[in-house]
Amino acid sequence: MSEVRVRFAPSPTGYLHIGSARTALYNWLYARKTGGKLILRIEDTDLERSTKASLDTIIEGMKWLGLDWDEGPYYQSEHSAEHTEAAKKLLAEGKAYKCFCTKEELDQKREAAKEAKAEYGYDGTCRNLSAEEVAEKEAAGITSVIRFKIPDGIGEVVFEDKVYGRLEKRYSDLEDFVIVRSDGSPLYLLSNVVDDLRDGITHIIRGQDGLGNTPRQVLLYEALGAATPIYAHMPLTLDSKKAKISKRKHGEAVAIHFYREMGFIPWAFCNFIALLGWSPGDDREIFSREELIENFSLDRINRSNSVFNIQVNDPKFFTDPKALSINAHYIKTIDISELAGMVKPVLERAGIWEESYEGEKREWFLSTLDLIRERFHTLNNFAEGGRAYFDDSYEVEERALKRNIVKSPELREILPKLGERLEKIEGFDGEDVEREMRAMAEELDLKPGTIINGVRTAVTGQLAGPSMFAALGAIGKERVIDRLKNVDWLFKKAEAL
RNA sequence: GUCCCCAUCGUCUAGCUUGGCCCAGGACACCGGCCUUUCACGCCGGCGACAGGGGUUCAAAUCCCCUUGGGGACGCCA
């Protein structure tokens, strides 16, 4: 059996979104699994809408996701001569014909048919023009498009889809479609087939929205005297209202770069989208690259569409909760030095990165990450909820302020005093600190929790976090004492509430 | 309007090919409890689905039909 060759063929008319990323991922997985090749081909024949900026974000997105390709990028627009050549061949063989209907006429007919609730396919006006009629119209300077001629008779196109099984389409349900515009430029249906032929594509893995094109493309392969590739149509990704995901409607929340900006680990994101329409057949949901490649197969792709459950205006989730939970899983379990490499750019962007984290403070940096990563969901959390561990510029959470400061105004005096007491103790290990706090609580006849939670709020700005004493150890004696002695800002904030 | 595809918890899904092991399993979310100085940590528990109706069969989530619902395609877009 010959080598598997698959392709990812985006059109550069926007950013890479969830749906296209998943298509890219499935193609990549299949190529890697079979030891085949993934070809990246840019379908830029729509010059009007294609942009360089869009192309760049698509490539960046692929790279960020870690989906590498073996050939390309190839550009469809560079092969338009081949496409029109193929069209001419079909024309010469009588498998296509020139159509002189104008766009306006056709639009009108389509509108009329729509209103009359009738079928609105092409009616075949120019299908049987004689050579003389064609010559006459051309002599009169009327421009024409080239239409592919659907075979006559009551036959049907039959093809096998890896996901949907055997599919058939009657010729009578197909209309003669345009393959070359009146300006001589080729159209997608044709270009796509010609390119796939040239690139030696063996398997076409694409979204189910391409299913309607398949019968026509199969006909094109046959007319061109070529064997058809193997098809695998994947179900679509819908939004929570069950509408197809689109850039226009959903904006940033479906853009790949959005997930990078929000602090996703690339592979965690791949892991998540892989599960939108595919499952291994058992309960596993977390896969390393190698495991996913190993387990992936086309025939375990679902047939039904899935919902990408984006939450809008949800204070807790900015995207599908499951995506977040998978990301959190990776944050918790990934190798700590690998995590450090991912947190670095986040801290840099937040302006709180220090070179020493890769030098003399590396030990401290790694153990601190390990301490706080437990309850984080995104990499950005390290610069948000984790900010106090790295810098003094942290904010205080309103909920923490209300619960731990507003209710205990006496802390305004107590916290600085605690700072002084801690200053006097020898070391700074958890036990000593804890003993000191509890002793102080007893002396003042307060619940230990009041002091401990007050300290948490003052020193980290957070309501939640790791064990307080471990946290203090990570932040360090000096900074802790400093923060405890200067709690006025907190109480001013509390008063301002 | 025509054609095509799909249909299991709120969401992602397992089970459907080869009916019985499924009064349907897991994950996320949600709710409750425990742990604790705290928590979007952890642990334990709970809620929660075979769209509806007909068949076939000793037996149907699994097979067949109809209805309903959802999606897609029908461009001189890709």
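The values are calculated or read from the model by the stated rules, or taken from the named source; none is laboratory data. Since we're looking at a predicted model, the values are computed, not measured. Neighbour counts run over all protein chains shown; Cβ positions are idealised from the backbone, glycine included. Heavy atoms of the whole protein, side chains included, go into the accessibility calculation; ligands, DNA and RNA do not. Shrake-Rupley method; radii C 1.70, N 1.55, O 1.52, S 1.80 Å.
Alpha carbon centre of the range A:370-430 versus the range A:220-243: separation in Å?
55
Give me the percent of the accessible area of the range A:396-495 that comes from carbon and sulfur atoms, probe 1.4 Å, all protein chains in place.
47
Mind checking which lysines have their C-alpha under 23 Å from A:LYS407, skipping anything on the same chain fewer than 8 residues away?
Qualifying lysines at Cα under 23 Å: A:LYS417, A:LYS447, A:LYS485, A:LYS492, A:LYS493.
How much mean residue ellipticity at 222 nm does chain A get from its helices, if each DSSP H run of length 4 or more adds -39500 (n - 2.57) and you divide by all residues, to the nearest 500 deg cm²/dmol?
When only DSSP H runs of four or more count, the value is -13500 deg cm²/dmol.
In nm, to one decimal, how far is the A:GLU398 label point from the A:GLU348 one, both placed 7 Å along Cα→Cβ?
Distance between label points: 3.4 nm.
Cα-based Rg (one decimal) and Dmax (whole number) for the range A:81-234, in Å?
Cα only, the range A:81-234: 16.3, 50 Å (Rg, Dmax).
Using the Cα centre as the reference, give the magnitude of the dipole from point charges on the C-beta atoms of the range A:399-464 (Lys, Arg: +1; Asp, Glu: -1; all else neutral), rounded to the nearest 20 debye.
Using Cβ point charges on Lys, Arg, Asp and Glu, the range A:399-464 gives about 620 debye.
So how far apart, in nm, are the two label points at A:ASP68 and A:ASP445 if each is 7 Å from Cα heading toward Cβ?
Modelled inter-label distance: 7.1 nm.
Could you list which residues have their amide H under 5 Å from that of A:PHE264, counting only those 5 or more apart in sequence or on another chain, with H placed in the peptide plane?
Placed amide hydrogens put A:LEU379 under 5 Å from A:PHE264.
Work out the length of the dipole vector of chain A about its Cα centre, built from +1 on the beta-carbon of each Lys and Arg and -1 on the beta-carbon of each Asp and Glu, and round it to the nearest 20 debye.
1020
Over chain A, one equal point on each Cα, no solvent: what is log10 I(q)/I(0) by the Debye formula at q = 0.06, 0.07 Å⁻¹?
-0.44, -0.55
Carbon-plus-sulfur fraction of the accessible area of the range A:216-269, 1.4 Å probe, in percent?
54
Using Stokes-Einstein with the Kirkwood hydrodynamic radius over Cα pairs, what translational diffusion coefficient do you get for the range A:396-495 at 37 °C and a viscosity of 0.692 mPa s, in µm²/s rounded to a whole number?
The estimated diffusion coefficient comes to 249 µm²/s.
Just add up the charged neighbours of A:SER80: K/R +1, D/E -1, any other residue whose Cβ is under 14 Å from the Cβ of A:SER80.
-4
With a/c under 1.5 counting as rounded, go ahead and sort the range A:212-358 into rounded, prolate or oblate using the C-alpha gyration tensor (a ≥ b ≥ c being the square roots of the eigenvalues; past the cut-off, prolate if a/b is larger than b/c, else oblate).
prolate
Looking only at the range A:431-460, which residues have a backbone nitrogen under 18 Å from a spot 7 Å from the Cα of A:ARG412 in the C-beta direction?
A:451, A:454-455, A:457-459
Going by average Cβ neighbours within 10 Å, how do the peptides A:262-271, A:454-463, A:362-371, A:82-91 rank, with the highest at the top?
Taking the mean over residues of other Cβ atoms within 10 Å, the ranking is A:454-463, A:262-271, A:82-91, A:362-371.
Determine the distance separating the Cα centre of the range A:269-286 from the Cα centre of the range A:444-497; give it in Å without decimals.
42
Highest mean first, how do A:184-196, A:168-180 rank when packing is the count of other Cβ atoms within 10 Å averaged over residues?
Ranking, from highest mean packing down: A:184-196, A:168-180.
Roughly to the nearest percent, how much of the accessible area of the range A:286-387 is carbon and sulfur, given a 1.4 Å probe?
The C+S portion of the solvent-accessible surface of the range A:286-387 is 46 percent.
For a Förster distance of 35 Å, can you work out the FRET efficiency between the beta-carbons of A:ASP46 and A:SER279, rounded to the nearest 0.05?
For R0 = 35 Å, the calculated efficiency reads 0.50.
If I stretch the segment between A:SER367 and A:ASP299 completely, what's the gain in nm (0.36 nm per residue apart, minus their alpha carbon distance), one decimal?
Between A:SER367 and A:ASP299, full extension yields an extra 20.1 nm.
Give me the net charge for the shell around A:LYS162: Cβ to Cβ below 14 angstrom, other residues only, Lys and Arg +1, Asp and Glu -1.
+2
How large is ³J(HN,Hα), in whole Hz, for each residue of the range A:282-287 in order, when computed from phi with the Karplus curve 6.51 cos²θ - 1.76 cosθ + 1.60 and θ = phi - 60°, using x for Gly and Pro?
With coefficients 6.51, -1.76 and 1.60, one gets 10, 8, 5, 9, 9, 10 Hz.
Pull out a ≥ b ≥ c, the square roots of the eigenvalues of the alpha-carbon gyration tensor of the range A:97-169, then state rounded if a/c is under 1.5, prolate if not and a/b is larger than b/c, and oblate in the remaining case.
Since a/c reaches 1.5 but b/c is at least a/b, the shape of the range A:97-169 is classed as oblate.
Quick one: accessible area per residue over chain A, 1.4 Å probe, rounded to a whole number of Å²?
Per-residue value: 49 Å².
Pull out the extension gain between A:GLU420 and A:ARG166, defined as 0.36 nm times the separation in residues minus the alpha carbon to alpha carbon distance; nm, one decimal.
Between A:GLU420 and A:ARG166, full extension yields 83.6 nm more.
In a shell of Cβ-Cβ distance under 10 Å around A:ASP199, excluding A:ASP199 itself, what net charge do Lys and Arg (+1) and Asp and Glu (-1) give?
Overall, the nearby charge balance is +2.
Mind checking which aspartates and glutamates have their Cα closer than 15 Å to the Cα of A:LYS361? Skip sequence neighbours fewer than 8 apart in that chain.
A:ASP370, A:ASP391
Per 0.36 nm of contour for each residue apart, how much would the distance between A:ARG438 and A:GLU291 grow if the chain were fully extended, relative to their Cα-Cα spacing?
Here the answer is 48.0 nm.
According to the square roots a ≥ b ≥ c of the eigenvalues of the Cα gyration tensor, what is the shape class of the range A:8-56, taking rounded for a/c under 1.5, prolate for a/b larger than b/c otherwise, and oblate for the remainder?
Prolate shape, in that a/c is at least 1.5 and a/b is the bigger ratio.
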